[in-house]
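The values are calculated or read from the model by the stated rules, or taken from the named source; none is laboratory data. The shown structure was predicted, so the numbers you read here are calculated from the model rather than taken from an experiment. Every residue, glycine among them, receives a Cβ derived from its backbone with ideal geometry; neighbour counts consider all protein chains shown.
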Ligand code: TXA
Ligand code: MG
């Protein structure tokens, strides 16, 4: 199949929505990363998502909605904490886990009794969901374990000819996946740090305790698997203060701010010259995609302060590193 590139005009959104309605796959931009969408209520369409991504096992998907009212259809129960977070952060980069209702097919939730739901803050995503008239199940639009896409070209490179269409909506403004939170367990849990800083969630819930499950051994959420988000080039996090790469290799650098010893590196990407975490998150995956294309032996990555969006960036970096 030849993958069509569509834009965000009305006609294109209509075309994309028709593909979804007919059980096909469309990649579309959200404020976090590009998603690979299918009709969430059609199990066969959802199965195609796993096939296109080459996921070796079924992993639960996030169901995207364009209207908060849809939560009641997808979920058996909504509690007070969920209500607070929905009111404050939707549309936005926050995914909530709910007890699922009958209408959600098992393949969407990988057999779990819970479903992940999010309302994205991106006009194209919202228009597409509304026009399709169904909730859209969408993982990030990359091949399994590979770098997440924050531009249409990243999607095209990984999934061309495997999906019907890609809506090109430019760069994703946040650039890092949504924060996944479970507010139904006794102590609310952050299952994946992401585009909404954990501090803000805590504050909205009145400063109550939040368990952060990011680097625990037990896997609560399949997205916590190590070796996710991997570039093809080996990546190493710099842990020494006065680090220099070996001279006999072609090294690249993923720098947080303006780097000091530029001369040791063949290719440098700076996430945010002024050290702004939001800017760094927005540039993170694009910078890694560029480093990955630069024919390097190793990508060295500087550590980022683990506060605000820095928590989500470092989570991705640790996973990018683990198998290399
Ligand atoms: O920003 C995002 O979240 C992007 C855009 C496209 O919305 N989507 C995304 O999807 O990152 P994906 O499939 O790459 O990651 C979904 C995460 C995974 O970590 C998955 O394990 C978790 O959500 N998840 C989904 N359903 C779950 C459930 N019922 N219980 C626990 N975790 C769940
Ligand atoms: Mg993903």
Could you please let me know if residue 96 is within 16 Å of residue 62 (Cβ to Cβ), surrounded by fewer than 19 Cβ atoms within 10 Å (Cβ to Cβ) and away from ligand 2 (no atom under 16 Å from the Cβ)?
no
Looking only at region 107-116, decide whether some residue is under 22 Å from residue 204 (Cα atoms), within 16 Å of ligand 2 (Cβ to nearest atom) and in contact with a strand residue (DSSP E or B) (Cβ under 6 Å, 6 or more places away or on another chain).
yes
Which one of these is more than 20 Å from residue 34 (Cα to Cα), touching a residue at least 24 places away in the same chain (Cβ under 8 Å) and assigned to a loop (DSSP other than H, G, I, E, B): 104, 190, 134?
104
Among the residues of region 275-290, which ones are assigned to a helix (DSSP H, G or I) and free of Cβ contacts under 8 Å to residues at least 24 places away in the same chain?
279, 290
So is residue 63 in contact with a strand residue (DSSP E or B) (Cβ under 9 Å, 6 or more places away or on another chain), within 30 Å of residue 1 (Cα to Cα) and modelled with pLDDT under 95 or not?
no
The conditions are (1) surrounded by fewer than 19 Cβ atoms within 10 Å (Cβ to Cβ); (2) at pLDDT below 90; (3) touching a helix residue (DSSP H, G or I) at 6+ places or on another chain (Cβ under 6 Å), and residue 210 fails exactly one of them. Which is it?
(2)
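Okay, residues lined up against (1) more than 10 Å from ligand 1 (Cβ to nearest atom); (2) modelled with pLDDT under 95; (3) touching a helix residue (DSSP H, G or I) at 6+ places or on another chain (Cβ under 7 Å); (4) not in a loop (DSSP other than H, G, I, E, B):
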| residue | (1), (2), (3), (4) |
| --- | --- |
| 73 | yes, no, no, yes |
| 81 | yes, no, no, yes |
| 88 | yes, no, yes, yes |
| 121 | yes, no, no, no |
| 127 | yes, no, yes, yes |
| 153 | yes, no, no, yes |
Hits in region 246-274 (condition: in contact (Cβ under 8 Å) with a residue 24 or more places away in the chain, in a loop (DSSP other than H, G, I, E, B) and touching a helix residue (DSSP H, G or I) at 6+ places or on another chain (Cβ under 8 Å))
256, 271
Within region 193-216, count every residue that is near ligand 1 (Cβ under 10 Å from one of its atoms) and not in a loop (DSSP other than H, G, I, E, B).
0
Within region 137-151, the residues that are closer than 12 Å to residue 37 by Cα and not in a loop (DSSP other than H, G, I, E, B) are 137, 140
Against the conditions (1) under 26 Å from residue 142 (Cβ atoms); (2) assigned to a helix (DSSP H, G or I), where does residue 303 fall short? Just the number, please.
(2)
Pairs needed: first member in region 11-35, at positive phi; second member anywhere, modelled with pLDDT under 95 and away from ligand 1 (no atom under 16 Å from the Cβ); C-beta distance under 8 Å; at least 6 residues apart or different chains.
23/44
Filter region 126-144 down to the residues that are away from ligand 2 (no atom under 16 Å from the Cβ) and either in contact with a strand residue (DSSP E or B) (Cβ under 6 Å, 6 or more places away or on another chain) or under 22 Å from residue 175 (Cβ atoms) (or both) and list them by number.
126, 127, 128, 129, 134, 135
Among the residues of region 7-26, is there at least one that is within 17 Å of the chain's Cα centre (by Cα) and within 20 Å of residue 170 (Cβ to Cβ)?
yes
Working carefully through the options 161, 168, find the one that is within 30 Å of residue 14 (Cα to Cα), modelled with pLDDT of 90 or more, in the same structural domain as residue 127 (by TED's automatic domain parsing) and exposed (fewer than 15 other Cβ atoms within 10 Å of the Cβ).
161
Going through region 1-52 one residue at a time, which ones are surrounded by fewer than 18 Cβ atoms within 10 Å (Cβ to Cβ), part of a helix (DSSP H, G or I) and modelled with pLDDT under 95?
43, 44, 47, 51
Residues of region 70-93 classified as within 16 Å of ligand 2 (Cβ to nearest atom) and either within 24 Å of residue 43 (Cβ to Cβ) or surrounded by fewer than 20 Cβ atoms within 10 Å (Cβ to Cβ) (or both), total:
0
